[in-house]
Every structure is written in C-alpha cells, then in structure tokens.
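The structure appears right after this line, and notes come after that.
The values are calculated or read from the model by the stated rules, or taken from the named source; none is laboratory data. Predicted model, so just to flag it, every value in this text is computed and none were measured. So basically every Cβ, Gly included, is an ideal-geometry build from the backbone, and we count neighbours across all protein chains shown. Heavy atoms of the whole protein, side chains included, go into the accessibility calculation; ligands, DNA and RNA do not. Shrake-Rupley method; radii C 1.70, N 1.55, O 1.52, S 1.80 Å.
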Amino acid sequence: MNIVSTGERSSNGERYRASTVAAFEAAVLVRCTGVCGGGGRARALGGARVRAAFAHAPSNLQPGVLAEFNRSVAADRLVELLGAAGHSASVHRYTAGTRHRYEIFRVLTDTGSNSGTGSGTGAFLDRAWQQGYTDLCGAPELPRSARQIRHARQLAESAWRGVLLVSGPSRSGSPGLRVADLETATVLIRAGRMLSMPVRMSTRPGGQLLLVMPQAAAA
C-alpha cells in the first residue's frame, strides 16, 4: 500500500520537474557559449567545443573549467543553477585580446564538491540535456497530458532564456542567432514553436542561422 498522500506525491513531482528544468537551462547555457547574435563573431567558444560531450573537457581549457562567456549575467546564472543542483561553481573574470580588449567570464567547478570533479558536473549536464531534448523533441505525434505539455513549455522557455542570456542584445538589431550544432538549433526550433515564436533555420558555414522576430525573442 502506498501511504504517501496524493498531495505529497504531486508536490514531489513538481519539485522534480522544476529541478530538471533548471538543469536543462544550465546545459543549454554551456552548449550555447558559442552562440552570437546579429551575425557577429562569438568571442568565447568553450561551450561550442564541448557541445558533443560535456564529460570531455576541451583541450584549450584547464581542468575544472566548464564554460566561458562574454557576459557576466550568463556566467552568474550558470553558477546559480549549478548551485541549486548541488554542484559548486564559481566565476573567474579576466581580460583577453591584444589591440581590442574584452572581458571573459570563466565558470569553474569546485573539485571538492559533491560532483567530485569537473567531468562529474559535465556528466550531470549531459544527462540533463539528453532528458530535456527527449522531452522537447521526441515523438511529437504521441498524445501528452496537460502536465507533460506544461513541463515541455517550461523547458522551451528555459532553452530560449539560456540562449538569449548568452547572445545578449543584438547591436545591429538583426534577429539572427548563429548556433554551432544542429541538436541545439533543433531544440530552439521546437521550443520556439511551443512558445508561438516564428523561427526559421538555414545552414551556413560554421553552423546554423536561426531567424526570429526580435519582439518575439524578447518575450
């Protein structure tokens, strides 16, 4: 006999779904560090290089470095999401470039945390990405309950929140977002449809170009 009340089971389920949405947003942030808006060139490419497997750190980044961003708000958000999931992380800020100087915000994982090592955090994000990808893009023809639809919409919102945190406002006003890998572009296309955002994708050298209406993307 199940002695757990219906209300308690529902509450536990909602907490679990909320945690999976937060983990998925963290995964999107890491994967989207190579995304740039307005057709410009991204300066921090850490996430684009680890998009295929979070568990294998790119050779150009020191052990414990999870991602690099050119916006502090994205780095701070990733640290916040990881902390809520029990994975300690911190932001290291430094200046790069020669003639044209710019700031980079590097997210480092705490090797003494519950995650064990940076690769442990990477494996956690890899699982979160795979689950979120399945929930958003898998078998769309199958019927879904109202709860599943609500959860998928929350995942969709978190995906676009992540990519817009990374890309930031477009300087030229262009609605284009350059996404390095097809999986991430697919998630954003599906998420856009769930949010009634008109999104189009075209393949360009170096990745996919997503075109959205600026006012829809900011909603």
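Data table
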read-out: Output for segment 87-109, where each listed residue is open to solvent by less than 50 Å² (accessible area, probe 1.4 Å), at pLDDT below 90 and either among the basic types (Lys, Arg) or at positive phi (or both); value: 97
read-out: Positions within segment 62-97 being under 20 Å from residue 23 (Cβ atoms) and polar (S, T, N, Q), in sequence order; value: 88, 90
read-out: Which listed residue is in contact with a Gly (Cβ under 9 Å, 6 or more places away or on another chain) and either over 25 Å from residue 89 (Cβ atoms) or modelled with pLDDT of 90 or more (or both), from 156, 139; value: 156
read-out: Residue match in segment 170-182 (condition: modelled with pLDDT of 90 or more and buried (at least 16 other Cβ atoms within 10 Å of the Cβ)); value: no
read-out: Options 52, 84, 57, 44: the member that is among the hydrophobic types (A, V, I, L, M, F, W, C), open to solvent by 70 Å² or more (accessible area, probe 1.4 Å) and modelled with pLDDT under 80; value: 52
read-out: Selected residue [out of contact with any Phe, Trp or Tyr (no Cβ under 8 Å at 6 or more places or on another chain) and either at pLDDT 90 or above or not in a strand (DSSP E or B) (or both)] from 123, 216; value: 216
